[in-house]
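First up is the structure itself, then whatever we jot down about it.
The values are calculated or read from the model by the stated rules, or taken from the named source; none is laboratory data. Just so we're clear, the structure is a prediction, and the values are computed from it rather than from any experiment. Using ideal geometry, Cβ is built from the backbone for each residue, glycine included, and neighbour counts are taken over all protein chains shown. Side chains included, ligands, DNA and RNA excluded: accessible areas come from the protein's heavy atoms. Shrake-Rupley method; radii C 1.70, N 1.55, O 1.52, S 1.80 Å.
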Amino acid sequence: MKTKLVQGLLAAVAFGAVSLGAAGEAAAITPVPQGTFKVAAERMAGVSLTFGGGGDPLFGTGLLWGNPAPLQFPRVGLDYFVIDGLSIGGSAGIQVLAGNGGSVFVGGILPRVGYAFALSPSIDFWPRGGIGFIGQDGGGGFGGGGTYGVLFLEAPFIWNITPDVGLAFGPALDVNLDAGQTTLGGNAGIVVTF
């Protein structure tokens with residue numbers, strides 16, 4: 001009888017501990033507060049694989065500059081949280097690539113919407129996406145020039161090193177709507193919160 005009572009008490013204590021731990025974790029999942037402003041240096045490092053557009057798949061890597069994939073250039077991002085969790089903003093950037101046939105200038109403006117929330121006191125998750133435009137002059141062995149539409153989805157995790165500075169890292173999917181190219185990548189950058 002005493003053994004069953006002790007086992008029951010141990011089971012109750014274990015259940016309570018698990019319940020309190022789960023409640024603590026659930027409380028940690030909170031949206032980023034309304035009025036928060038974030039500035040980011042995005043896609044400062046990463047890897048990518050581009051498919052389609054009539055050519056062979058293109059593998060690229062980049063650190064601060066030079067990823068040959070046309071959608072994977074470094075960008076500056078600005079986002080404002082209009083309500084708890086919901087961000088509206090965008091990113092813009094430029095890149096000059098040098099190849100066997102010369103050089104090519106690439107630039108883009110990419111508006112977006114996202115939803116960010118804390119997974120823990122030091123990790124946020126911020127899925128976001130949008131439709132924007134990339135402009136490219138011709139030549140350089142990187143395809144033709146022109147302006148084309150881009151659909152993009154990103155899902156960065158933000159590791160908050162301090163309350164105001166974080167390291168962003170995560171996957172990205174970019175689709176060139178005009179050339180039929182799709183780029184899968186993993187990127188890293190820095191986020192500053194105001």
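Highest first, please rank the peptides 180-190, 111-121 by the mean number of other Cβ atoms sitting within 10 Å of their residues.
On the way: 180-190: 18.3, 111-121: 15.9.
Order by mean packing, descending: 180-190, 111-121.
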| note | Over the stretch 74-132, with neighbouring protein chains present, the accessible area per residue in Å² at probe 1.4 Å is 44
| note | Taking every other residue with Cβ under 12 Å from the Cβ of Tyr80 and scoring Lys and Arg +1, Asp and Glu -1, one gets +1
